[in-house]
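Only one structure is covered here, and it is reproduced in the block below.
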Amino acid sequence: MPWGLRAATSRRFPAPAGQAADAAHAERLSVYLTDLLRPYELGPPAPMPGGQSYGEMAAALLPAEPVDALVLAYDIPDVAPGRATATYLSHLCPGGPMAFAVSDQGRAGAHTALRLLHDYARSGTYERSLLVVAEQSALPYDPGVPVEVPAEHCAVALLLGLSTMEAAVPRIHTQVARADVPALLGDLGPGTVVLGGHLADLDVKADAVVHADPAQPMTGGWEALAAVDGPVTLVDYDPALRYLCVSSFG
């Protein structure tokens, strides 16, 4: 049986993390961010009362069965930057998996993480794995460049292993102009196509087309994918970093 998608779950978190209401944590976070921002002359950070913790969000989505590897993919930093979140999740997750995080790649981060897990499984190691894609909606400073901040806290977990929903190797194209997206996609095959937030006007041939929530830059496409039954392809485009990503199952 091939390696692929076994199950996918998603959840939005309307409440902030418990740490967000902790005055001592807020003070330490302010000092930490101030020190990081000073060399870039970006000014002091704003309070972060509504932030979420990726450790708390991902913990709510951990599977009951053991896994060999766990990867957390995110873009927006969370309310607990001092925590080694992947290590923390490895401690909580059944199987005590090897764990790490992928970030600083915009929307491509989750596709990169999936590609790494695919390569691990193909090599015969870490066949049972979990991909967690998460984003939280509080950014306590101006990064100095345009950035899309999600509207809500959201996390999606993909349980991967031996499955009839075989995972293709994710395609990640760099330096892609928006006008070049259709030519690079080619034939996406049968099944459902999920289009990321910046691809709402894209004309594709598929059994069904689902549009991701554009207010959730990182998780919107994966959240929509988790609700699809049968073969599915997710197409993401990051206009700031000019990445085009395609991940397919089944």
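Which is touching a residue at least 12 places away in the same chain (Cβ under 8 Å), more than 17 Å from the chain's Cα centre (by Cα) and not assigned by TED's automatic domain parsing to the domain that holds Ala224, of Pro39, Pro94? Let's see the steps before the verdict.
Details: Pro39 fails: touching a residue at least 12 places away in the same chain (Cβ under 8 Å).
Answer to the selection: Pro94.
Please find, among Val176, Val210, Val193, the residue that is more than 29 Å from Gly124 (Cα to Cα) and surrounded by fewer than 18 Cβ atoms within 10 Å (Cβ to Cβ).
Numbers: Val176 fails: surrounded by fewer than 18 Cβ atoms within 10 Å (Cβ to Cβ); Val193 fails: surrounded by fewer than 18 Cβ atoms within 10 Å (Cβ to Cβ).
Only one candidate qualifies: Val210.
Can you run down the residue pairs with Cβ atoms below 9 Å, 6 or more apart or on separate chains, where the first is in region 1-28 and within 30 Å of Leu162 (Cβ to Cβ) and the partner is loosely packed, with under 15 Cβ neighbours inside 10 Å and among the hydroxyl-bearing types (Ser, Thr, Tyr)?
Met1/Thr164; Pro2/Thr164; Gly4/Thr164
Can you tell me which residues in region 223-250 are within 10 Å of Gly191 (Cα to Cα) and of a type in the set (Phe, Trp, Tyr)?
Within region 223-250, just Phe249 meets the criteria.
Just the residues that are in contact with a Gly (Cβ under 7 Å, 6 or more places away or on another chain), within 18 Å of Tyr120 (Cβ to Cβ) and part of a helix (DSSP H, G or I), please, taken from region 83-108. Before you say what the answer is, go through the steps one by one.
The initial filter retains those residues of region 83-108 that are in contact with a Gly (Cβ under 7 Å, 6 or more places away or on another chain), namely 83, 85, 88-90, 102-103, 107.
Cutting the leftovers down to within 18 Å of Tyr120 (Cβ to Cβ) gives us 89-90, 102.
Result: Leu89, Ser90.
Out of region 119-132, which residues are in a loop (DSSP other than H, G, I, E, B) and at pLDDT 95 or above?
Here is the first cut: in region 119-132, the residues in a loop (DSSP other than H, G, I, E, B) are 123-128.
Of everything in region 119-132, just one residue is in a loop (DSSP other than H, G, I, E, B) and at pLDDT 95 or above, namely Arg128.
Are any residues in region 221-241 within 22 Å of Ala151 (Cα to Cα) and out of contact with any His (no Cβ under 9 Å at 6 or more places or on another chain), and if so, which ones?
Within region 221-241, the subset within 22 Å of Ala151 (Cα to Cα) is 221-227, 234-241.
The answer is Gly221, Trp222, Glu223, Leu225, Ala226, Ala227, Val235, Ala240, Leu241.
Name the residue that is nearest to Tyr243 (Cα to Cα), counting only residues in region 93-105 that are surrounded by fewer than 14 Cβ atoms within 10 Å (Cβ to Cβ) and not small (Gly, Ala, Ser). Steps first, please.
Initially, region 93-105 is screened for residues surrounded by fewer than 14 Cβ atoms within 10 Å (Cβ to Cβ), giving 94, 96, 104.
Narrowing further to those that are not small (Gly, Ala, Ser): 94, 104.
Details: Pro94: 34, Asp104: 12 Å.
This residue is Asp104.
Restricting to region 51-82, what's the tally of residues that are in a loop (DSSP other than H, G, I, E, B) and either in contact with a Ser or Thr (Cβ under 7 Å, 6 or more places away or on another chain) or among the hydrophobic types (A, V, I, L, M, F, W, C) (or both)? Steps first, please.
Start the filter on region 51-82 by keeping residues that are in a loop (DSSP other than H, G, I, E, B), which leaves 51-53, 60-68, 75-82.
Cutting the leftovers down to either in contact with a Ser or Thr (Cβ under 7 Å, 6 or more places away or on another chain) or among the hydrophobic types (A, V, I, L, M, F, W, C) (or both) gives us 60-62, 64, 67-68, 75-76, 78-80.
So the answer is 11.
Does region 115-126 contain any residue that is closer than 14 Å to Ala157 by Cα and surrounded by 23 or more Cβ atoms within 10 Å (Cβ to Cβ)? Working first, answer last.
From region 115-126, those closer than 14 Å to Ala157 by Cα are 117; that's our starting set.
Of the ones still in play, those that are also surrounded by 23 or more Cβ atoms within 10 Å (Cβ to Cβ) are 117.
Yes, region 115-126 has at least one match.
Find all pairs meeting these conditions: Cβ atoms under 6 angstrom apart; at least six residues apart or on different chains; first residue within region 118-142 and on the phi > 0 side of the Ramachandran plot; second residue of a type in the set (A, V, I, L, M, F, W, C).
Once the first residue is on the phi > 0 side of the Ramachandran plot and sits in region 118-142, its partners that are of a type in the set (A, V, I, L, M, F, W, C) give Tyr126/Ala69.
Per-residue answers, yes or no, for (1) over 13 Å from the mean Cα position of the chain (by Cα); (2) buried (at least 23 other Cβ atoms within 10 Å of the Cβ); (3) modelled with pLDDT of 95 or more; (4) outside the structural domain of Gly189 (by TED's automatic domain parsing):
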{"residue": "Leu202", "(1), (2), (3), (4)": "yes, no, no, no"}
{"residue": "Glu223", "(1), (2), (3), (4)": "no, no, yes, no"}
{"residue": "Val228", "(1), (2), (3), (4)": "yes, no, yes, no"}
{"residue": "Thr233", "(1), (2), (3), (4)": "yes, yes, yes, no"}
{"residue": "Pro239", "(1), (2), (3), (4)": "yes, no, no, no"}
{"residue": "Leu244", "(1), (2), (3), (4)": "yes, yes, yes, no"}
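Please pick out the residue among Glu166, Glu135 that is of a type in the set (D, E, K, R), at pLDDT 95 or above and surrounded by fewer than 19 Cβ atoms within 10 Å (Cβ to Cβ). Don't jump to the end; show me each part of the working.
Working: Glu135 fails: surrounded by fewer than 19 Cβ atoms within 10 Å (Cβ to Cβ).
Unique residue meeting the criteria: Glu166.
The values are calculated or read from the model by the stated rules, or taken from the named source; none is laboratory data. What you see is a predicted model, and the numbers here were worked out from it, not measured in a lab. Here the Cβ is made from the backbone with ideal geometry for all residues, glycine too, and neighbour counts use every protein chain on show.
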